[in-house]
Amino acid sequence: MGKDLSMELNNEQFDSLHNLVNEVAERQLKDFGQINSELKPDGSLITSCDRWSDEHIVKGISRITNNQEGILSEEGSKIIPSTNAYWVVDPLDGTTNFAAGIPYWAISIARFVEGKPETAILDIPPLKKRIIAIKNKGVWINSKKRNESTISSKSDCVSVCSRSISVLQKQPDKRFPGKIRLLGVSSLNMTSVGTGQTFGALESTPKIWDIAAAWLILLEIGCYINWLDIDPNNLKKGEDLSSVNFPLIAASSKHGLEKLVPWGEILMK
């Protein structure tokens, strides 16, 4: 890759990345419904497929970049690499769905340059859907370019994570400004906004690997993100993100964001 690690991936590297994700998606579809899960120390679920996927992706990225770019992954190192370009990986976002036999999960991979997402790939194996985003160039869904103008404004649904449901308990007499949907996958909660399935999303405790790819996808489609606590734009090399959450509101329009901001404030109290 040479000394300039800030350059975009070349065509050969992109092809290798697609092939890598194909291999992982194939293995996950094969294992789906066939393996048991166990609890991690933080109370979340993990399967042998999570571990295999993480290891396979990390090794694959190392080959693609000739070991010149660091990698932060959910099942591996959670310290921000010291290289100017590095990768953030969630090998299987939605393990609870995967383990429960619910066919809705994602492979999330993002390449960061100087602390900001530059390339993102989000693959949804059971739906055979792949979303690619490149900074300042746009978003492609299954190789078809997506334009900002194609975002639907008709949806009255809001995607929330399971921990965000607490906002309803805190304001039982206040009407929530949308029909609630719980997809069980942080990255897909967020991208549902960009694909027009929802007009907004509320995430209470996502980690950097949950949001990395979806973050760039939403920005490139023209959606809005309101960080409710820590702003990931201000992360520093060497920082340990093991227990750092990035609560957020995502919306397809300023109007949608305004409707959800008060609920974000309630969530953070």
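Do the conditions hold for L267, that is, is it crowded, with 19+ Cβ neighbours inside 10 Å, farther than 20 Å from G194 by Cβ and at pLDDT below 95?
Values: crowded, with 19+ Cβ neighbours inside 10 Å: yes; farther than 20 Å from G194 by Cβ: yes; at pLDDT below 95: yes.
In short, yes.
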Of (1) touching a Gly at 6+ places or on another chain (Cβ under 8 Å); (2) in the same structural domain as L92 (by TED's automatic domain parsing), F199 fails just (2)
Filtering the range 31-45 down to residues that are closer than 17 Å to I102 by Cα and surrounded by 11 or more Cβ atoms within 10 Å (Cβ to Cβ) yields D31, F32, G33, I35, S37, S44, L45
Practice item. Determine whether the range 138-150 contains at least one residue that is touching a residue at least 12 places away in the same chain (Cβ under 8 Å), surrounded by 14 or more Cβ atoms within 10 Å (Cβ to Cβ) and touching a Phe, Trp or Tyr at 6+ places or on another chain (Cβ under 7 Å). Key: yes
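The rows are residues; the columns are (1) polar (S, T, N, Q); (2) farther than 19 Å from E38 by Cβ; (3) not assigned by TED's automatic domain parsing to the domain that holds S162.
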{"site": "R63", "(1), (2), (3)": "no, yes, yes"}
{"site": "I71", "(1), (2), (3)": "no, yes, yes"}
{"site": "N84", "(1), (2), (3)": "yes, yes, yes"}
{"site": "P91", "(1), (2), (3)": "no, no, yes"}
{"site": "Y104", "(1), (2), (3)": "no, yes, yes"}
Of the residues in the range 194-217, those that are surrounded by fewer than 24 Cβ atoms within 10 Å (Cβ to Cβ), over 21 Å from I57 (Cβ atoms) and at pLDDT 95 or above number 2
The residue that is nearest to the chain's Cα centre (by Cα), considering only those in the range 228-254 that are exposed (fewer than 12 other Cβ atoms within 10 Å of the Cβ) and part of a helix (DSSP H, G or I), is N233
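Residue check: is I180 of a type in the set (V, I, T), under 28 Å from S73 (Cα atoms) and not in a loop (DSSP other than H, G, I, E, B)?
In short, no.
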Screening G70, G76 for residues that are more than 25 Å from G184 (Cα to Cα) and within 21 Å of the chain's Cα centre (by Cα) leaves only G70
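Those residues that are without any contact (Cβ under 8 Å) to a residue 60 or more places away in the chain and either surrounded by fewer than 22 Cβ atoms within 10 Å (Cβ to Cβ) or in a loop (DSSP other than H, G, I, E, B) (or both), I need them from the range 122-135; list them, please. Spell out how you get there, then give the answer.
In the first step, residues of the range 122-135 are kept if they are without any contact (Cβ under 8 Å) to a residue 60 or more places away in the chain; the result is 127-129, 132.
Hits for the range 122-135 are L127, K128, K129.
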Note on the range 232-262: residues of a type in the set (D, E, K, R) and closer than 20 Å to T191 by Cβ are K254, K259
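Any idea which of T119, T96 is in a helix (DSSP H, G or I) and either in contact with a strand residue (DSSP E or B) (Cβ under 6 Å, 6 or more places away or on another chain) or within 14 Å of L183 (Cα to Cα) (or both)? Write out each step before concluding.
On the way: T119 fails: in a helix (DSSP H, G or I).
Of the residues listed, the single one that is in a helix (DSSP H, G or I) and either in contact with a strand residue (DSSP E or B) (Cβ under 6 Å, 6 or more places away or on another chain) or within 14 Å of L183 (Cα to Cα) (or both) is T96.
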If we keep only residues of the range 169-188 that are within 20 Å of P103 (Cα to Cα) and touching a residue at least 40 places away in the same chain (Cβ under 8 Å), then the residue surrounded by the fewest Cβ atoms within 10 Å (Cβ to Cβ) is G184
inquiry  = Just to be sure before I move on: is S166 in a helix (DSSP H, G or I), touching a residue at least 12 places away in the same chain (Cβ under 8 Å), out of contact with any strand residue (DSSP E or B) (no Cβ under 9 Å at 6 or more places or on another chain) and surrounded by 12 or more Cβ atoms within 10 Å (Cβ to Cβ) in the structure I sent?
reply    = yes
Here the residues within the range 99-115 that are at pLDDT below 95 and outside any loop (DSSP other than H, G, I, E, B) are A99, A100
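Within the range 1-11, does at least one residue satisfy the condition of being small (G, A, S), modelled with pLDDT under 95 and farther than 15 Å from R111 by Cβ? Before you say what the answer is, go through the steps one by one.
Pass one, the range 1-11, residues small (G, A, S): 2, 6.
Then drop every residue that is not modelled with pLDDT under 95, which leaves 2, 6.
Pick out the ones that are also farther than 15 Å from R111 by Cβ and you get 2.
For the range 1-11, residues small (G, A, S), modelled with pLDDT under 95 and farther than 15 Å from R111 by Cβ: present.
The values are calculated or read from the model by the stated rules, or taken from the named source; none is laboratory data. Since the structure is predicted, the reported quantities are computational estimates derived from the model, not experimental observations. A quick note on method: Cβ atoms are made from the backbone with ideal geometry, for glycine too, and the neighbour counts reach across all protein chains shown.
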